[in-house]
Amino acid sequence: MSLASKRILLIVSGGIAAYKALELVRLLRKAGAGVTCVLTRAGAEFVTPLSLQALSESRVYTELFSLTDESEMGHIQLSRAADLVVVAPASANILAQMAGGMASDLATTLLLATDKHVLVAPAMNVRMWEHAATQANIATLKHRGVAFVGPNEGAMACNEYGFGRLAEPAEILAIIDALLVRPKPLTGKHALVTAGPTHEPIDPVRYIANRSSGRQGYAIAAALAELGARVTLVSGPVSLAPPADVTLVRVETAREMLVACEAALPADVAVFAAAVADWRTEAANLKLKKSPDVALPSLALTLNPDILATIAHANPRPRLVVGFAAETHDLLAHATAKRARKGCDWIVANDVAEGTGIMGGVENEVHLVTAEGVETWPRMSTDEVARRLATRMAEIFV
Ligand code: C5P
(Lines give C-alpha, C1' and ligand atoms only; values in the text may rest on other atoms or scores of the structure.)
Protein backbone atom coordinates (compact mmCIF):
# COMPACT_ATOMS: atom_id res chain seq x y z
CA MET A 1 0.00 0.00 0.00
CA SER A 2 1.46 3.34 -0.96
CA LEU A 3 0.12 6.67 0.15
CA ALA A 4 3.28 8.46 -0.99
CA SER A 5 2.77 12.20 -1.44
CA LYS A 6 -0.69 12.08 0.18
CA ARG A 7 -1.30 14.44 3.07
CA ILE A 8 -3.59 13.51 5.92
CA LEU A 9 -4.92 15.94 8.48
CA LEU A 10 -5.64 13.72 11.48
CA ILE A 11 -7.90 15.09 14.18
CA VAL A 12 -7.69 13.18 17.45
CA SER A 13 -10.60 13.83 19.78
CA GLY A 14 -11.17 12.63 23.33
CA GLY A 15 -11.70 9.06 24.40
CA ILE A 16 -9.80 6.06 25.61
CA ALA A 17 -9.35 4.90 22.00
CA ALA A 18 -7.16 7.96 21.31
CA TYR A 19 -4.11 5.81 21.99
CA LYS A 20 -4.91 3.90 18.79
CA ALA A 21 -4.38 7.13 16.85
CA LEU A 22 -0.67 6.63 17.51
CA GLU A 23 -0.71 3.33 15.67
CA LEU A 24 -2.69 4.92 12.85
CA VAL A 25 -0.08 7.66 12.50
CA ARG A 26 2.66 5.03 12.44
CA LEU A 27 0.87 3.04 9.70
CA LEU A 28 0.20 6.19 7.66
CA ARG A 29 3.83 7.24 7.85
CA LYS A 30 4.93 3.71 6.93
CA ALA A 31 2.65 3.91 3.87
CA GLY A 32 4.40 7.12 2.88
CA ALA A 33 1.72 9.65 3.82
CA GLY A 34 2.48 13.01 5.40
CA VAL A 35 0.46 13.40 8.60
CA THR A 36 -0.43 16.59 10.41
CA CYS A 37 -2.13 16.01 13.75
CA VAL A 38 -4.62 18.20 15.54
CA LEU A 39 -5.40 17.26 19.10
CA THR A 40 -8.54 18.43 20.90
CA ARG A 41 -8.32 19.39 24.52
CA ALA A 42 -10.07 16.15 25.54
CA GLY A 43 -7.84 14.20 23.18
CA ALA A 44 -4.79 15.62 24.94
CA GLU A 45 -6.04 14.01 28.18
CA PHE A 46 -5.44 10.60 26.60
CA VAL A 47 -2.46 11.08 24.31
CA THR A 48 0.28 13.68 24.42
CA PRO A 49 1.19 16.10 21.62
CA LEU A 50 4.76 14.88 22.00
CA SER A 51 3.88 11.26 21.13
CA LEU A 52 1.93 12.35 18.07
CA GLN A 53 4.70 14.71 17.06
CA ALA A 54 7.37 12.03 17.40
CA LEU A 55 5.42 9.56 15.26
CA SER A 56 4.15 12.04 12.66
CA GLU A 57 7.49 13.88 12.51
CA SER A 58 5.42 17.02 12.21
CA ARG A 59 4.27 19.79 14.42
CA VAL A 60 1.06 18.99 16.34
CA TYR A 61 -1.62 21.67 16.54
CA THR A 62 -3.88 22.11 19.55
CA GLU A 63 -4.94 25.70 19.98
CA LEU A 64 -7.15 27.85 17.77
CA PHE A 65 -5.93 31.17 19.06
CA SER A 66 -2.23 30.59 19.04
CA LEU A 67 -0.35 33.44 17.40
CA THR A 68 2.47 31.11 16.44
CA ASP A 69 0.08 28.80 14.65
CA GLU A 70 -1.52 31.71 12.82
CA SER A 71 1.82 33.14 11.77
CA GLU A 72 3.04 29.76 10.56
CA MET A 73 -0.13 28.47 8.98
CA GLY A 74 -3.64 29.86 9.30
CA HIS A 75 -6.36 27.42 10.25
CA ILE A 76 -8.06 27.75 6.88
CA GLN A 77 -4.87 26.80 5.14
CA LEU A 78 -4.30 23.91 7.54
CA SER A 79 -7.73 22.55 6.74
CA ARG A 80 -7.19 22.81 3.01
CA ALA A 81 -3.62 21.66 2.63
CA ALA A 82 -4.64 18.05 3.24
CA ASP A 83 -5.85 15.50 0.70
CA LEU A 84 -8.12 13.95 3.31
CA VAL A 85 -9.27 14.94 6.78
CA VAL A 86 -9.56 12.02 9.20
CA VAL A 87 -11.19 12.22 12.62
CA ALA A 88 -10.01 9.23 14.68
CA PRO A 89 -11.24 8.62 17.25
CA ALA A 90 -14.34 10.75 16.83
CA SER A 91 -16.21 11.21 20.10
CA ALA A 92 -19.97 11.69 20.35
CA ASN A 93 -19.20 15.30 21.21
CA ILE A 94 -17.18 16.10 18.11
CA LEU A 95 -19.80 14.38 15.92
CA ALA A 96 -22.46 16.59 17.51
CA GLN A 97 -20.33 19.68 16.94
CA MET A 98 -19.70 18.73 13.33
CA ALA A 99 -23.39 18.05 12.71
CA GLY A 100 -24.28 21.37 14.35
CA GLY A 101 -21.69 23.34 12.41
CA MET A 102 -19.90 24.48 15.56
CA ALA A 103 -16.45 26.02 15.49
CA SER A 104 -15.55 26.15 19.15
CA ASP A 105 -11.94 24.98 18.98
CA LEU A 106 -9.23 24.34 16.43
CA ALA A 107 -10.48 20.86 15.42
CA THR A 108 -14.10 21.88 14.86
CA THR A 109 -13.07 25.10 13.13
CA LEU A 110 -10.94 23.10 10.72
CA LEU A 111 -13.78 20.69 10.09
CA LEU A 112 -16.11 23.56 9.31
CA ALA A 113 -13.58 25.29 7.07
CA THR A 114 -12.35 22.31 5.09
CA ASP A 115 -13.31 21.66 1.50
CA LYS A 116 -11.81 18.17 1.59
CA HIS A 117 -13.42 14.77 1.99
CA VAL A 118 -13.76 13.90 5.67
CA LEU A 119 -13.48 10.37 7.07
CA VAL A 120 -14.73 9.75 10.58
CA ALA A 121 -13.90 6.79 12.82
CA PRO A 122 -16.26 7.01 15.81
CA ALA A 123 -15.46 5.50 19.19
CA MET A 124 -17.62 5.82 22.26
CA ASN A 125 -19.64 3.96 24.85
CA VAL A 126 -22.31 1.77 23.24
CA ARG A 127 -25.16 3.75 24.82
CA MET A 128 -23.76 7.02 23.55
CA TRP A 129 -23.44 5.41 20.11
CA GLU A 130 -27.01 4.15 20.19
CA HIS A 131 -28.46 7.41 21.51
CA ALA A 132 -30.94 8.94 19.10
CA ALA A 133 -29.00 12.23 19.15
CA THR A 134 -25.78 10.54 18.02
CA GLN A 135 -27.59 8.54 15.36
CA ALA A 136 -29.30 11.70 14.08
CA ASN A 137 -25.93 13.50 13.95
CA ILE A 138 -24.42 10.62 12.01
CA ALA A 139 -27.31 10.59 9.55
CA THR A 140 -26.82 14.35 9.03
CA LEU A 141 -23.09 13.94 8.45
CA LYS A 142 -23.54 11.02 6.06
CA HIS A 143 -26.09 13.03 4.15
CA ARG A 144 -23.42 15.71 3.77
CA GLY A 145 -21.00 13.18 2.33
CA VAL A 146 -18.85 12.46 5.36
CA ALA A 147 -17.40 8.93 5.14
CA PHE A 148 -17.48 6.60 8.15
CA VAL A 149 -15.45 3.61 9.23
CA GLY A 150 -16.70 1.59 12.20
CA PRO A 151 -17.39 1.58 15.01
CA ASN A 152 -16.92 -2.13 15.54
CA GLU A 153 -18.67 -4.42 17.94
CA GLY A 154 -16.85 -5.79 20.94
CA ALA A 155 -15.93 -5.45 24.59
CA MET A 156 -15.30 -1.86 25.62
CA ALA A 157 -13.05 -0.14 28.10
CA CYS A 158 -16.14 0.76 30.16
CA ASN A 159 -16.88 -2.96 30.71
CA GLU A 160 -19.84 -2.94 28.38
CA TYR A 161 -20.29 -4.84 25.13
CA GLY A 162 -21.62 -3.57 21.84
CA PHE A 163 -20.93 -1.17 19.00
CA GLY A 164 -18.62 1.66 19.88
CA ARG A 165 -15.08 0.34 19.51
CA LEU A 166 -12.84 2.32 17.25
CA ALA A 167 -12.19 0.52 13.95
CA GLU A 168 -8.73 -1.04 13.96
CA PRO A 169 -5.99 1.28 12.66
CA ALA A 170 -5.32 -1.14 9.77
CA GLU A 171 -9.00 -0.97 8.81
CA ILE A 172 -8.94 2.84 8.91
CA LEU A 173 -5.79 2.81 6.81
CA ALA A 174 -7.47 0.55 4.22
CA ILE A 175 -10.39 2.98 3.92
CA ILE A 176 -8.02 5.94 3.62
CA ASP A 177 -6.20 4.05 0.89
CA ALA A 178 -9.48 3.26 -0.88
CA LEU A 179 -10.61 6.89 -0.67
CA LEU A 180 -7.31 8.36 -1.86
CA VAL A 181 -5.46 5.87 -3.95
CA ARG A 182 -7.80 3.37 -5.47
CA PRO A 183 -10.98 5.30 -6.09
CA LYS A 184 -11.97 3.08 -9.04
CA PRO A 185 -10.95 -0.48 -8.14
CA LEU A 186 -13.76 -2.02 -10.23
CA THR A 187 -12.76 -0.38 -13.50
CA GLY A 188 -13.13 -2.94 -16.31
CA LYS A 189 -15.46 -5.17 -14.27
CA HIS A 190 -19.09 -5.85 -15.12
CA ALA A 191 -21.61 -5.97 -12.29
CA LEU A 192 -25.14 -7.32 -12.61
CA VAL A 193 -27.61 -6.14 -9.98
CA THR A 194 -31.27 -7.04 -9.57
CA ALA A 195 -33.58 -4.78 -7.61
CA GLY A 196 -37.18 -4.15 -6.69
CA PRO A 197 -40.16 -6.44 -6.60
CA THR A 198 -41.55 -8.39 -9.50
CA HIS A 199 -45.16 -8.09 -10.53
CA GLU A 200 -46.88 -11.31 -11.51
CA PRO A 201 -50.07 -10.58 -13.42
CA ILE A 202 -53.37 -12.11 -12.41
CA ASP A 203 -55.26 -10.43 -15.22
CA PRO A 204 -54.62 -7.25 -17.25
CA VAL A 205 -55.18 -5.00 -14.22
CA ARG A 206 -54.21 -7.06 -11.18
CA TYR A 207 -50.94 -8.53 -10.04
CA ILE A 208 -49.13 -10.26 -7.18
CA ALA A 209 -46.45 -8.02 -5.67
CA ASN A 210 -44.49 -7.35 -2.49
CA ARG A 211 -43.29 -4.37 -0.46
CA SER A 212 -39.77 -4.10 -1.90
CA SER A 213 -38.88 -0.47 -2.70
CA GLY A 214 -35.77 -1.34 -4.71
CA ARG A 215 -33.73 1.16 -2.67
CA GLN A 216 -31.04 -1.24 -1.51
CA GLY A 217 -30.46 -2.68 -4.98
CA TYR A 218 -30.38 0.77 -6.58
CA ALA A 219 -27.90 1.98 -3.95
CA ILE A 220 -25.68 -1.05 -4.59
CA ALA A 221 -25.78 -0.42 -8.34
CA ALA A 222 -24.78 3.22 -7.71
CA ALA A 223 -21.98 2.25 -5.30
CA LEU A 224 -20.54 -0.31 -7.73
CA ALA A 225 -20.65 2.24 -10.55
CA GLU A 226 -18.89 4.75 -8.29
CA LEU A 227 -16.09 2.23 -7.86
CA GLY A 228 -15.71 2.07 -11.63
CA ALA A 229 -17.77 -1.01 -12.52
CA ARG A 230 -19.93 -1.15 -15.63
CA VAL A 231 -23.30 -1.90 -14.06
CA THR A 232 -26.39 -3.56 -15.51
CA LEU A 233 -29.32 -2.95 -13.18
CA VAL A 234 -32.25 -5.27 -13.86
CA SER A 235 -35.13 -3.69 -12.04
CA GLY A 236 -38.68 -4.68 -11.29
CA PRO A 237 -41.31 -1.93 -11.11
CA VAL A 238 -40.17 0.77 -8.66
CA SER A 239 -40.52 4.52 -8.44
CA LEU A 240 -36.82 5.35 -8.14
CA ALA A 241 -34.67 7.41 -10.47
CA PRO A 242 -31.99 5.26 -12.10
CA PRO A 243 -28.51 5.93 -10.72
CA ALA A 244 -26.03 7.73 -12.94
CA ASP A 245 -23.74 5.63 -15.14
CA VAL A 246 -25.86 2.50 -14.85
CA THR A 247 -27.56 0.56 -17.66
CA LEU A 248 -31.13 0.07 -16.52
CA VAL A 249 -33.19 -2.85 -17.83
CA ARG A 250 -36.78 -2.63 -16.69
CA VAL A 251 -38.74 -5.83 -16.24
CA GLU A 252 -42.00 -6.78 -14.68
CA THR A 253 -42.12 -10.50 -13.96
CA ALA A 254 -39.64 -12.99 -12.50
CA ARG A 255 -39.35 -14.76 -15.83
CA GLU A 256 -38.52 -11.47 -17.59
CA MET A 257 -35.95 -10.75 -14.86
CA LEU A 258 -34.28 -14.11 -15.46
CA VAL A 259 -34.13 -13.53 -19.23
CA ALA A 260 -32.63 -10.05 -18.69
CA CYS A 261 -30.03 -11.41 -16.24
CA GLU A 262 -28.99 -14.20 -18.55
CA ALA A 263 -28.71 -11.71 -21.41
CA ALA A 264 -26.44 -9.51 -19.27
CA LEU A 265 -23.88 -12.29 -18.68
CA PRO A 266 -20.94 -12.58 -18.49
CA ALA A 267 -20.54 -10.59 -15.29
CA ASP A 268 -17.76 -10.44 -12.72
CA VAL A 269 -20.13 -9.68 -9.85
CA ALA A 270 -23.84 -10.50 -9.58
CA VAL A 271 -25.91 -9.08 -6.74
CA PHE A 272 -29.46 -10.28 -6.33
CA ALA A 273 -31.20 -7.66 -4.24
CA ALA A 274 -34.58 -8.07 -5.94
CA ALA A 275 -37.51 -9.43 -3.97
CA VAL A 276 -38.60 -11.81 -6.67
CA ALA A 277 -42.15 -13.10 -6.34
CA ASP A 278 -41.92 -16.75 -5.42
CA TRP A 279 -45.08 -17.67 -7.27
CA ARG A 280 -46.91 -16.66 -10.39
CA THR A 281 -50.30 -17.57 -11.64
CA GLU A 282 -51.71 -18.17 -15.08
CA ALA A 283 -52.75 -14.65 -16.09
CA ALA A 284 -56.25 -14.27 -17.52
CA ASN A 285 -56.42 -12.40 -20.82
CA LEU A 286 -59.52 -10.52 -19.74
CA LYS A 287 -60.21 -8.79 -16.47
CA LEU A 288 -61.73 -11.19 -13.97
CA LYS A 289 -65.21 -10.00 -13.12
CA LYS A 290 -66.61 -9.99 -9.65
CA SER A 291 -70.23 -10.77 -9.35
CA PRO A 292 -72.41 -12.44 -6.75
CA ASP A 293 -73.36 -14.91 -9.46
CA VAL A 294 -69.79 -15.95 -10.27
CA ALA A 295 -67.68 -18.17 -8.03
CA LEU A 296 -64.71 -16.47 -6.33
CA PRO A 297 -61.61 -16.85 -8.48
CA SER A 298 -58.93 -19.12 -7.08
CA LEU A 299 -55.34 -18.63 -7.99
CA ALA A 300 -53.35 -21.69 -8.92
CA LEU A 301 -49.77 -20.81 -8.11
CA THR A 302 -46.67 -22.00 -9.94
CA LEU A 303 -43.13 -21.63 -8.60
CA ASN A 304 -41.07 -18.96 -10.31
CA PRO A 305 -37.56 -19.71 -11.53
CA ASP A 306 -34.87 -18.97 -8.95
CA ILE A 307 -32.78 -16.32 -10.69
CA LEU A 308 -30.01 -16.27 -8.11
CA ALA A 309 -29.58 -20.05 -8.12
CA THR A 310 -29.68 -20.14 -11.93
CA ILE A 311 -26.96 -17.50 -12.33
CA ALA A 312 -24.90 -19.04 -9.50
CA HIS A 313 -24.73 -22.19 -11.63
CA ALA A 314 -24.31 -20.43 -14.98
CA ASN A 315 -21.32 -21.02 -17.17
CA PRO A 316 -19.32 -18.81 -17.04
CA ARG A 317 -20.29 -18.09 -13.45
CA PRO A 318 -19.73 -14.59 -12.07
CA ARG A 319 -16.69 -14.58 -9.81
CA LEU A 320 -18.79 -13.26 -6.90
CA VAL A 321 -22.49 -14.09 -6.51
CA VAL A 322 -24.31 -12.29 -3.70
CA GLY A 323 -27.82 -13.11 -2.55
CA PHE A 324 -30.10 -11.48 -0.02
CA ALA A 325 -32.14 -13.11 2.68
CA ALA A 326 -35.02 -11.21 4.18
CA GLU A 327 -36.43 -13.22 7.03
CA THR A 328 -38.84 -12.60 9.87
CA HIS A 329 -37.41 -15.29 12.17
CA ASP A 330 -34.34 -17.54 12.63
CA LEU A 331 -32.52 -15.12 10.36
CA LEU A 332 -28.98 -16.45 10.52
CA ALA A 333 -29.92 -20.14 10.35
CA HIS A 334 -32.04 -19.48 7.26
CA ALA A 335 -29.41 -17.25 5.67
CA THR A 336 -26.61 -19.77 6.18
CA ALA A 337 -28.74 -22.56 4.75
CA LYS A 338 -29.74 -20.34 1.84
CA ARG A 339 -26.14 -19.59 0.97
CA ALA A 340 -25.44 -23.29 0.59
CA ARG A 341 -28.72 -24.12 -1.14
CA LYS A 342 -28.44 -21.43 -3.77
CA GLY A 343 -24.74 -21.83 -4.42
CA CYS A 344 -23.89 -18.17 -3.86
CA ASP A 345 -20.76 -16.79 -2.21
CA TRP A 346 -22.30 -14.27 0.16
CA ILE A 347 -25.71 -13.74 1.66
CA VAL A 348 -26.69 -10.33 2.95
CA ALA A 349 -29.27 -11.13 5.59
CA ASN A 350 -31.74 -8.80 7.17
CA ASP A 351 -34.56 -9.09 9.61
CA VAL A 352 -37.75 -7.81 8.04
CA ALA A 353 -40.05 -8.67 10.93
CA GLU A 354 -42.86 -6.21 11.49
CA GLY A 355 -41.69 -3.22 13.52
CA THR A 356 -38.08 -3.25 12.25
CA GLY A 357 -38.98 -0.70 9.56
CA ILE A 358 -36.45 -2.40 7.28
CA MET A 359 -38.64 -3.51 4.39
CA GLY A 360 -38.96 -0.50 2.11
CA GLY A 361 -37.15 1.72 4.64
CA VAL A 362 -34.13 3.99 4.24
CA GLU A 363 -32.06 2.14 6.83
CA ASN A 364 -30.86 -1.38 6.96
CA GLU A 365 -29.27 -3.64 9.55
CA VAL A 366 -27.51 -6.49 7.87
CA HIS A 367 -25.45 -9.59 8.56
CA LEU A 368 -22.94 -10.63 5.95
CA VAL A 369 -22.80 -14.42 5.68
CA THR A 370 -19.70 -15.68 3.87
CA ALA A 371 -17.70 -18.89 3.79
CA GLU A 372 -15.72 -17.45 6.72
CA GLY A 373 -18.75 -16.92 8.95
CA VAL A 374 -21.20 -14.19 9.91
CA GLU A 375 -20.45 -10.48 10.31
CA THR A 376 -23.03 -8.27 11.95
CA TRP A 377 -23.02 -4.68 10.77
CA PRO A 378 -24.54 -1.80 12.74
CA ARG A 379 -27.77 -0.26 11.55
CA MET A 380 -26.95 2.26 8.83
CA SER A 381 -28.47 3.89 5.80
CA THR A 382 -29.10 1.74 2.73
CA ASP A 383 -26.51 3.94 0.95
CA GLU A 384 -23.89 3.14 3.56
CA VAL A 385 -24.68 -0.59 3.41
CA ALA A 386 -24.28 -0.34 -0.36
CA ARG A 387 -20.95 1.50 -0.14
CA ARG A 388 -19.59 -0.97 2.37
CA LEU A 389 -20.73 -3.94 0.32
CA ALA A 390 -19.27 -2.46 -2.86
CA THR A 391 -15.96 -1.81 -1.12
CA ARG A 392 -15.91 -5.40 0.14
CA MET A 393 -16.74 -6.68 -3.34
CA ALA A 394 -13.91 -4.60 -4.80
CA GLU A 395 -11.48 -6.25 -2.38
CA ILE A 396 -12.11 -9.57 -4.16
CA PHE A 397 -10.60 -8.13 -7.33
CA VAL A 398 -7.43 -6.52 -5.97
O1 C5P B 1 -35.47 -17.96 -1.68
P2 C5P B 1 -35.48 -16.52 -1.23
O3 C5P B 1 -36.49 -15.69 -1.97
O4 C5P B 1 -35.61 -16.37 0.23
O5 C5P B 1 -34.03 -15.99 -1.60
C6 C5P B 1 -33.71 -14.63 -1.63
C7 C5P B 1 -32.58 -14.38 -2.58
O8 C5P B 1 -32.78 -15.10 -3.79
C9 C5P B 1 -32.50 -12.94 -2.99
O10 C5P B 1 -31.16 -12.63 -3.30
C11 C5P B 1 -33.38 -12.90 -4.23
O12 C5P B 1 -33.04 -11.81 -5.08
C13 C5P B 1 -33.06 -14.23 -4.86
N14 C5P B 1 -34.18 -14.83 -5.61
C15 C5P B 1 -34.10 -14.95 -6.98
N16 C5P B 1 -35.11 -15.54 -7.67
C17 C5P B 1 -36.18 -16.03 -7.01
C18 C5P B 1 -36.28 -15.92 -5.62
C19 C5P B 1 -35.26 -15.31 -4.94
O20 C5P B 1 -33.13 -14.47 -7.57
N21 C5P B 1 -37.16 -16.60 -7.69
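The values are calculated or read from the model by the stated rules, or taken from the named source; none is laboratory data. Worth saying up front: this structure is predicted, and the values here are computed from it rather than measured. Note that each Cβ is placed from the backbone with ideal geometry, even for glycine, and that neighbours are counted across all protein chains shown.
At-a-glance table
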{"item": "Hey, Val366 in contact with a strand residue (DSSP E or B) (Cβ under 8 Å, 6 or more places away or on another chain) and within 13 Å of the ligand (Cβ to nearest atom) or not", "result": "yes"}
{"item": "Any hit, the range 295-308, residues being within 14 Å of the ligand (Cβ to nearest atom), under 23 Å from Thr391 (Cα atoms) and part of a strand (DSSP E or B)", "result": "no"}
{"item": "Selection from the range 263-288 of residues that are more than 13 Å from the ligand (Cβ to nearest atom), under 20 Å from Arg206 (Cβ atoms) and surrounded by 10 or more Cβ atoms within 10 Å (Cβ to Cβ)", "result": "Thr281, Glu282, Ala283, Ala284, Lys287, Leu288"}
{"item": "Selection within the range 142-163 - in contact with a strand residue (DSSP E or B) (Cβ under 7 Å, 6 or more places away or on another chain) and within 13 Å of Asp383 (Cα to Cα)", "result": "Lys142, Val146, Ala147, Phe148"}
{"item": "The lone exception for Pro185 - which of (1) surrounded by fewer than 18 Cβ atoms within 10 Å (Cβ to Cβ); (2) in contact with an Asp or Glu (Cβ under 9 Å, 6 or more places away or on another chain); (3) of a type outside the set (Lys, Arg) it fails", "result": "(1)"}
{"item": "All positions within the range 113-134 that are assigned to a helix (DSSP H, G or I) and either under 22 Å from Lys20 (Cβ atoms) or in contact (Cβ under 8 Å) with a residue 12 or more places away in the chain (or both)", "result": "Ala113, Val126, Arg127, Met128, Trp129, Glu130, Ala133, Thr134"}
{"item": "Residue in the range 295-302 that is buried (at least 16 other Cβ atoms within 10 Å of the Cβ), assigned by TED's automatic domain parsing to the domain that holds Ala223 and either at pLDDT 95 or above or under 30 Å from Glu171 (Cα atoms) (or both) present", "result": "no"}
{"item": "Which listed residue is over 17 Å from Ser58 (Cα atoms) and touching a residue at least 12 places away in the same chain (Cβ under 8 Å), from Ala21, Ala4, Ala33, Ala17", "result": "Ala17"}
{"item": "Count of residues meeting criterion [touching a residue at least 40 places away in the same chain (Cβ under 8 Å) and closer than 22 Å to Gly150 by Cβ] in the range 97-107", "result": "3"}
{"item": "Residue check, Val85 outside any helix (DSSP H, G or I), touching a Lys or Arg at 6+ places or on another chain (Cβ under 6 Å) and not charged (D, E, K, R)", "result": "yes"}
{"item": "Whichever residue in the range 339-354 is in a helix (DSSP H, G or I) and buried (at least 19 other Cβ atoms within 10 Å of the Cβ) and, among such residues, is nearest to the ligand (Cβ to nearest atom)", "result": "Lys342"}
{"item": "Breaking point among (1) in a loop (DSSP other than H, G, I, E, B); (2) closer than 23 Å to Ala191 by Cα; (3) within 15 Å of the chain's Cα centre (by Cα), for Val398", "result": "(3)"}
{"item": "Scan of the range 319-332 for residues that are under 19 Å from Asn364 (Cα atoms) and either small (Gly, Ala, Ser) or in contact with a strand residue (DSSP E or B) (Cβ under 9 Å, 6 or more places away or on another chain) (or both), ordered by number", "result": "Val322, Gly323, Phe324, Ala325, Ala326, Glu327, Thr328, His329, Leu331, Leu332"}
{"item": "Output for the range 250-287, where each listed residue is assigned to a strand (DSSP E or B) and among the basic types (Lys, Arg)", "result": "Arg250, Arg280"}
{"item": "The listed residue being farther than 18 Å from Leu308 by Cα, among the β-branched types (Val, Ile, Thr) and not in a strand (DSSP E or B), out of Thr187, Thr247", "result": "Thr187"}
{"item": "Residue within the range 324-338 that is touching a residue at least 12 places away in the same chain (Cβ under 8 Å), assigned to a helix (DSSP H, G or I) and over 21 Å from Ser212 (Cα atoms) present", "result": "yes"}
{"item": "Only listed residue being buried (at least 18 other Cβ atoms within 10 Å of the Cβ), of a type in the set (A, V, I, L, M), assigned to a helix (DSSP H, G or I) and modelled with pLDDT under 90, chosen from Leu78, Leu55", "result": "Leu78"}
{"item": "Identity of the residue in the range 319-337, under 22 Å from the mean Cα position of the chain (by Cα) and not aliphatic (A, V, I, L, M), that ends up farthest from the ligand (Cβ to nearest atom)", "result": "Arg319"}
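To keep it simple, each residue is scored yes or no on (1) among the small types (Gly, Ala, Ser); (2) at pLDDT 95 or above; (3) assigned by TED's automatic domain parsing to the domain that holds Leu27.
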position: Ala174; (1), (2), (3): yes, no, yes
position: Pro185; (1), (2), (3): no, no, no
position: Tyr207; (1), (2), (3): no, yes, no
position: Leu224; (1), (2), (3): no, yes, no
position: Arg230; (1), (2), (3): no, no, no
position: Gly236; (1), (2), (3): yes, yes, no
position: Ala241; (1), (2), (3): yes, no, no
position: Thr247; (1), (2), (3): no, no, no
position: Leu258; (1), (2), (3): no, yes, no
